[in-house]
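Asks: The structure that follows is given in the form of structure tokens.
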Amino acid sequence: MIGFLEKLGDDCLYYLEQTGRMTRFLLVSVVSALTPPYKPSAVLRQLHFIGVRSLPVILFTGGFTGMVLALQGYYTLRKFGSEGFLGSAVALSLIRELGPVLAALMVIGRAGSAMTAEVGIMRNSEQIDALECMAVDPYQFLIAPKFIATIVSMPILTFIFDVVGILGGYLIGVKVMGVNAGTYFQGMYASVEWQDIHMGIVKSLVFGLLLVWVATSKGFFLHEERSGGFGAEGVSHVTTSAVVLSSVSVLVWDYLISAMLV
């Protein structure tokens, strides 16, 4: 019993310390991103890596998400004789929920894991310690460009995801299932309101902040992890942990934001 209580207390202290460390990391990173001097070239490199190079997976995922939404939605709505609401169902599902969530999950898998591994390897090879020895702020030099680029990229990638998904729904609903094209777009125009678009924008910004925060902090504090440690095993551990934690955080905050903005 004593051993169990000791382990429970040790775990609680570890996770409290980790929470405080990550919260401080977030605050320092945000302040560094807002404090001059700014580094446009570093931000542009990160925009290309996080935003432009994520486009293929966003286009592919968005198109097929819209197609499957239209396919399943058509068979559901047909039971009630409401095929004319297909455009509304596809657009609202994408703009309010699936667009921001799936876009964030795709960016986590493609760019978030790479950011964790990059920062973790720099910590592992003592490059971050070398920056501090040369009086170079690692937050402003290394972390701030990633924060800025991710928060800028996520709303744009979400918008592209939504548009491609709606076009994918049009392809299946109108061209394959025979829904009237005017009805498809008119239903969408009548049902989508600014509140729905606002929710999608807020979610994309929050998800972008979450994924870059978790991805970079896990790599930055590689040496503080209780399991894994230094070396290749440590980098693989923190990368896996970052992907899981950021994905779960996106789903949790998706519910919280929906509940607050509904």
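The values are calculated or read from the model by the stated rules, or taken from the named source; none is laboratory data. Fair warning: this is a prediction, and the values are worked out from it, not measured in the lab. Every residue, glycine as well, gets a Cβ built from its backbone with ideal geometry; the counts of neighbours run over all protein chains shown.
Asks: Just name the residue that is nearest to the chain's Cα centre (by Cα) out of those in region 205-239 that are aromatic (Phe, Trp, Tyr) and closer than 25 Å to ASP11 by Cβ.
Replies: It comes out as TRP213.
Asks: Taking the conditions exactly as written (in contact (Cβ under 8 Å) with a residue 24 or more places away in the chain, surrounded by fewer than 18 Cβ atoms within 10 Å (Cβ to Cβ) and not basic (Lys, Arg)), does VAL28 satisfy them or not?
Replies: Here the answer is yes, as VAL28 does meet what is asked.
Asks: Output yes when any residue across region 240-247 is more than 12 Å from the chain's Cα centre (by Cα) and farther than 22 Å from LEU26 by Cα, and no when none is.
Replies: No: region 240-247 contains no residue that is more than 12 Å from the chain's Cα centre (by Cα) and farther than 22 Å from LEU26 by Cα.
Asks: Next question, about the same structure. Scan ALA130, ALA149, ALA144, ALA215 and give me the residue that is out of contact with any Ser or Thr (no Cβ under 8 Å at 6 or more places or on another chain), assigned to a helix (DSSP H, G or I) and buried (at least 23 other Cβ atoms within 10 Å of the Cβ).
Replies: Checking each option against the conditions leaves just ALA149.
Asks: Further, regarding this structure: Residues in region 73-82: is at least one among the small types (Gly, Ala, Ser) and in a helix (DSSP H, G or I)?
Replies: Looking for residues that are among the small types (Gly, Ala, Ser) and in a helix (DSSP H, G or I), one finds at least one in region 73-82, hence yes.
Asks: If we scan region 180-196, do we find a residue that is under 25 Å from SER29 (Cβ atoms), in contact (Cβ under 8 Å) with a residue 60 or more places away in the chain, part of a helix (DSSP H, G or I) and among the polar types (S, T, N, Q)?
Replies: no
Asks: Now, a different point. Can you name the condition, by its number, that ALA89 falls short on among (1) surrounded by 22 or more Cβ atoms within 10 Å (Cβ to Cβ); (2) in contact (Cβ under 8 Å) with a residue 40 or more places away in the chain?
Replies: ALA89 satisfies every listed condition except (2).
Asks: Just to be sure I understand, how many residues within region 52-79 are of a type in the set (S, T, N, Q) and under 13 Å from LEU167 (Cβ atoms)?
Replies: Qualifying residue count, region 52-79: 1.
Asks: Here are some residues: GLY51, GLY112, GLY63, GLY81. Which one is surrounded by fewer than 23 Cβ atoms within 10 Å (Cβ to Cβ), more than 15 Å from GLY169 (Cβ to Cβ) and at pLDDT 90 or above?
Replies: GLY51
Asks: Kindly indicate whether THR65 is within 15 Å of the chain's Cα centre (by Cα), part of a helix (DSSP H, G or I), within 24 Å of ILE197 (Cβ to Cβ) and not charged (D, E, K, R).
Replies: So THR65 does not fit the description; no.
Asks: OK, next. Being closer than 30 Å to ARG78 by Cβ, crowded, with 19+ Cβ neighbours inside 10 Å and not polar (S, T, N, Q): is that true of VAL174 here?
Replies: Yes, satisfied.
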